[in-house]
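Heads up: the structure comes next, in structure tokens.
No value in this document is a laboratory result; all are computed from the given coordinates. Because the structure is a prediction, the values reported are computed rather than measured. Cβ placement follows ideal geometry from the backbone for every residue including glycine, while neighbour counts extend to all protein chains displayed.
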Amino acid sequence: MTGTATAVRSAPRTSPLPRPRRRRPDRFKVLTAILVTVIVIVQVYPLAWLFLTSLRTEEDFVTGNPFALPSSITFDNYVRAFSLGNLGLNILNSLIVTLGANVLIVILGMMAAYALQVLGFRFSGVVRGLFLLGIIVPVQIALVPLFVDYSAVGALDTYLSMIIPLAGFAFPLSVYLFSSFFEYIPREMYEAASIDGAGPYRIFLGITLPLSTNTIVSVVLVNSIFIWNDFIFANTFVLSDGLKTIPLGLQNYIGAMGNVDWTATFAAVCVTVTPLLLVFLILNRAMIYGLEAGASKG
């Protein structure tokens, strides 16, 4: 017993485990979260206000607070939006112009980037630099020359009069994104395909094109936003009501002496914004990945 008691007394005391220190939140992360929240509110609030206002009655919007919640909900604004103007035809025209311009942008941009980055030739870097200079060229300087040329060849008031300049001014950025992404593709893949007897066209269709899906989505979405909302080319080259796109068609909601049916106008804007917004929300992951692959990796 004595020996046992002595052993117990001589055993070293174990100190209590230190309490884990609470990590203070990183100030940078907190500020980033606050900044992101503010940006989201600034971006989402106008869309929410636009949608809610399109559901308000005209009297409620005119006599009440324009920023208040609707006292009653009505869908008559959407009926007037289609009856006051050719909204369906305007959407169809914008869709034709957007699809036509994107087809040219993707095909020509991929082919040019493939020739510059993958095939390569003498002074290819200089040629790519010349393409990039087109990004800083303002569209306004091309309006008068294009109008004169279109008048000479009878191309005014056609879909091509809008598609060609829209594709041309979006072409330099598309070449940059595609060429930057092609630079990241391993050269060994092209060399192995060449050893197997594949030519440049087969390599393009079998290797480059399948790997460029996300970049194609990014290029199409980025350009579609500007093409869908284009006003300057459509206002300059379109002369008839049958070819008016959405930005021109919204002018039909302005009445005599500047009177505007605001609730119908907001309903029309909601109808025209919704398709592009839905496509963007569905393909946003592919777009973000494509932009990262085309910009940061290049």
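Using the alpha-carbon centroid of each, what span in Å lies between the range 66-96 and the range 137-203?
For the range 66-96 versus the range 137-203, the Cα centre distance is 35 Å.
Within 10 Å of each candidate Cβ there may be at most 13 other Cβ atoms; applying that plus a DSSP loop requirement, which chymotrypsin sites (Phe, Trp or Tyr not before Pro) in the range 48-151 survive?
F67, F75, F121, F123
Kindly put W228, W262 in sequence by how many other C-beta atoms sit within 10 Å of each C-beta, fewest to most. Working shown, then result.
On the way: W228 20, W262 17.
Ascending number of Cβ neighbours within 10 Å: W262, W228.
How would you order 247-253, 214-220 from highest to lowest mean count of nearby Cβ atoms within 10 Å?
The densest-packed peptide leads the list: 214-220, 247-253.
Just to confirm the filter: which trypsin sites (Lys or Arg not before Pro) across the range 71-129 are DSSP coil and have at most 11 other Cβ within 10 angstrom of their Cβ?
Numbers: sites: R80, R122, R128; in loops: R122.
Qualifying residues, ordered by number: R122.
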